[in-house]
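Have a look at the structure below before the remarks.
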Amino acid sequence: VLKSIMVLETLSVVAVRAFTAVPSRSVPAKSPVLRERRLLASSSPSSSPSFRVNNNFDESPARELRFDMIELIRNDEDAGRQSRKLESLASVVRACSRLRNDDDGVVKRTDEDDIALPEHLAPFRRFIRTSSRAEDHQGCFGIFTENDAAAPTPSSLTSLPSNAILSQESPFAFLRDSLSCRSDGSTVRKRGGMMYDSSEAVVWCSVNDRRDELEFASRVLDGMPLAQLRLGSGLGNTKRKDRTVGGLDEGDNHLVVELALKTVKVLDSMGVLLYNVDGKDDCEDSIADGDKVCCKLNPDDLAIIETILCCDETRRENTCDQSTLRERHQSTIVKMIDVAVESVRKDPLNKNDEPHLVLISHSVSTSVVASAISSWKHRQTRQRGEPIRWVEDMLHQALTVVTMGNVCRSFCDGPAYVHVSMHDDPWTTALGSFGGEDSPGGRDAVHLRACSPYDHVGASREDRRPRVATTGGGYSSLECHNAHNLNACIVQYLCLIMRINGLRSFRALYDAARFVDPVSILDIDPRHFAVHCDHGDLVVPPHVDDELLPAMIRATGGDRWMWTVDRDRDDEVESLLPDEIETRSHLEESFGYGVLEEIRATCCG
């Protein structure tokens, strides 16, 4: 036996030496062995997207995927086409998620002891999240301090998990008093200005997590405290210094990633993609590796795609990844509804003075809120067997939902909805709920609409490229029309309605709009009145569109938030809003002397 073992060892050594002495042979460029070796770093199947590994990456062209937002967000009537579109969008998200995971291999965390917290948040220091990844803060509440006026950077993200808040005896009072954004110089216990009466806990639900937008909206609403619920996962916010394996293009803010050629062709055939500036499909010109193609994606488009996937009601029973994505987006909202409904059930007269829950959302963020409410209602009626009328009545008493420029038509019955939008908003008109027969926005919903002063600025100059198999044009960005702009139009209109009618809460706004005087008998047609009375007891002056709204935008500094394209001249944008004299004249005529200084002191510091 020993002799046999020694012989085998000798033969093994000889074979190894002979193999290493053979010179390496060149492998053809089309060899499947070389292709497998080059893609060995990707652990996904051949049909899944993978990242580009190319030494000549800096010199290789990449196709810029520009999405037609209306076709992207709209649900296709054909279930098969809609399913194929969602599968292709899911492939795009998976590719970008893998890129984000590669970039975030080392997660930066700030020591909790180094964070300057207000005194009332000191007991919660052990629960605070300080990860640099926005995904770790998804479903958590942002933390505001008196000296924190700048927008957070990825290295300074801090948040408090929802379980640490909703497990308290009075969670909504804690949200209102301790975790809300306030104006500079306000005290810890400030309840807002004259437009807020501390009867509500207002939660701002957003997928973009921009703190500066939230702070400005709070100032326009006269210092109303707003708590921030972070719904975005930060997909697309990754920055890479090395472009060898993909990342952020140094020339712009686009992400460079490798997608399956089949995925791009499916989206192209359904009209979801727009052509490039020259009207040519550069998919063939891009460097493709078999069934792969190098593409550039806008991070804002990725956030919209991720929201579409998590809010799709037809895919409740789908992959684990989609279920996890939906759970992250909706879990905190569902928990808040549970607490609000239970509070109403135990204390219907509100003897404990618990704040009323109000959810505010804008644009595509309304889809996440609407989907979470539908999921909660579905669980109560289908899984627990509660009567649907009882569930809707509890929702109506416990929850008020305020949407601004909504891009959603799947609002379930129950909550008290207040939808604020512009008549010339292309997104709400095409994809949202504005009070029409095909878009009611929930039973007994209130719709407040006006005309923006922008006259299609941005939209008329937005590049419209022909879509595949179509002759029309498409919008490639949600920022193509300022009528959809939150801080340069919509929030000012909401502020005007509340200020004119002396309302101090959003629930009072809803009740006033739904009020019907049973003994009121008019001897003249209401259309002859100088004041519109279409919304119950609300007063909406006829000159609110062409005088008050432009003046309020100028007074609050909303013109600094306007969206412009490269060919918009400053003088063209300035001509849409009144000057200093006209602004003062319009506002003081309706609200009295000194109102301009008062508004600017609140909004501009």
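The listed peptides 160-166, 365-371, ordered by packing as a protection proxy, come out as 365-371, 160-166 (highest mean of other Cβ atoms within 10 Å first).
Between residue 262 and residue 117, the simple spin-label model (points 7 angstrom out along Cα→Cβ) gives 5.0 nm. Near residue 66, the amide H atoms lying under 5 Å from its own belong to 274; only residues 5 or more places off or on other chains count, and H is placed 1.01 Å from N.
Placing R0 at 35 angstrom, the Cβ-Cβ distance between residue 334 and residue 455 gives a FRET efficiency of 0.25 after rounding to 0.05. Between amide H atoms placed 1.01 Å from N, distances below 5 Å from residue 200 occur with 356, all of them 5 or more places distant or on a separate chain. Among 536-543, 258-265, the peptide with the highest mean count of other Cβ atoms within 10 Å heads the list, and the full ranking is 258-265, 536-543. Length gain on complete extension for the stretch residue 81 to residue 173, per 0.36 nm per residue less the alpha carbon to alpha carbon distance? Stretched out fully, the residue 81 to residue 173 stretch lengthens by 28.5 nm. Packing-based ranking of 221-230, 170-179, 373-382 yields 221-230, 170-179, 373-382, ordered from highest to lowest mean Cβ neighbour count within 10 Å. Using the Cβ-Cβ distance between residue 444 and residue 390 with R0 set to 25 Å, the FRET efficiency works out to roughly 0.90. Site pair residue 127 and residue 537 shows an inter-label distance of 3.8 nm when each label is modelled 7 Å from Cα along Cα→Cβ.
Modelled spin-label separation between residue 600 and residue 381, with each label point placed 7 Å from Cα along the Cα-to-Cβ direction: 5.2 nm. Per-residue Karplus couplings for region 545-561, computed as 6.51 cos²θ - 1.76 cosθ + 1.60 with θ equal to phi - 60°, are listed in order as 6, 9, 10, 5, 5, x, 5, 5, 4, 5, 5, 7, x, x, 5, 6, 9 Hz, Gly and Pro entered as x. For the residue pairs 296/377; 85/377; 262/335, alpha carbon separations beyond 29 Å are given by 296/377; 262/335.
Read-outs throughout are calculated quantities, based only on the coordinates presented, and are distinct from any laboratory measurement. Quantities reported herein were computed from a predicted structural model and do not represent experimental measurements. Using ideal geometry, Cβ is built from the backbone for each residue, glycine included, and neighbour counts are taken over all protein chains shown.
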